[in-house]
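Read-outs: derived from the displayed coordinates by stated rules, not from any lab. Every value quoted in this text rests on a predicted model; they were computed, and no experiment measured them. When we count neighbours, we look across all protein chains shown, and the Cβ atoms used for this are built from the backbone with ideal geometry, even at glycine.
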């Protein structure tokens with residue numbers, strides 16, 4: 001499936017560019033609105049689907065709508081902040097995380113990403129991706145965004161921000177979700193009508 005124009009129902013330019021790298025042949029544009037519906041869903045899927053449906057209501061009818069929700073789940077925070085990750089950190093993900101964990105040694109963590117794509121004909125496809133790891137005691141690295149300077153993936157010694165964008169393009173939770181979404185699209189019967 002090549003040459004797809006999709007509208008990411010977000011104002012996050014970092015996510016748009018990352019998804020464009022992860023979905024070969026796709027052109028990802030941002031939905032140009034001042035406000036999005038609140039992320040009140042109980043799951044990543046609920047939030048991602050709500051974003052895609054919002055985009056379908058107001059965006060171009062001939063474009064794919066892409067909703068994305070992601071977060072981090074940390075053992076020392078009893079699985080939180082989870083679906084409330086963006087709202088919990090209020091733009092200071094690294095500082096918030098290190099303060100929230102303080103001296104807690106339960107630093108196991110998991111990145112989760114859910115992608116929901118709505119075709120122009122209304123069909124829905126989804127892909128989920130995760131990466132297990134742990135939270136470092138101090139930030140390291142300059143690439144990536146969000147919690148990347150303190151997230152050390154399983155089997156690695158460096159943070160995602162140290163491993164860099166090339167690593168993310170192959171191994172991140174968003175990369176895994178994009179692969180799952182592409183698999184779902186490839187398995188779907190062609191639309192007639």
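Treating r as the C-beta distance of residue 62 and residue 40 and R0 as 30 Å, the FRET efficiency rounds to 0.55. A protection proxy built from the mean count of other Cβ atoms within 10 Å ranks the segments 110-121, 54-65, most packed first, as 110-121, 54-65. With helices as the sole contributors, the chain gives -10500 deg cm²/dmol at 222 nm; each DSSP H run of n ≥ 4 counts as -39500 (n - 2.57), and the sum is divided by every residue. For the residues 102, 132, 69, a GNM of the chain with alpha-carbon springs under 10 Å puts the largest fluctuation on 102. Between residue 14 and residue 142, the contour length at 0.36 nm per residue exceeds the alpha carbon distance by 44.7 nm. Spacing of the modelled spin labels on residue 96 and residue 33, each 7 Å from Cα toward Cβ, amounts to 2.2 nm. Applying 1/(1 + (r/R0)^6) with r as the Cβ-Cβ distance of residue 53 and residue 188 and R0 = 22 angstrom yields a FRET efficiency of 0.70.
The Rg/Rh ratio for the stretch 79-132 is 1.14, where Rg is the radius of gyration of the alpha carbons and Rh is the Kirkwood radius.
Rounded to the nearest 0.05, what FRET efficiency do residue 105 and residue 156 have when you use their Cβ-Cβ distance and R0 = 22 Å?
The pair residue 105/residue 156 has a calculated efficiency of 0.70.
Normalised by the number of residues in the chain, the average gap of Cα pairs under 8 Å and 6 or more apart makes the relative contact order 18 percent. On the principal axes of its alpha carbon atoms, the stretch 1-122 extends 51, 27, 21 Å, with the longest extent given first.
Compared with the dominant principal axis of the Cα atoms in the chain, helix 173-187 is inclined by about 30°. Gain on full extension, evaluated as 0.36 nm per residue between residue 130 and residue 78 minus their Cα-Cα distance, stands at 17.0 nm.
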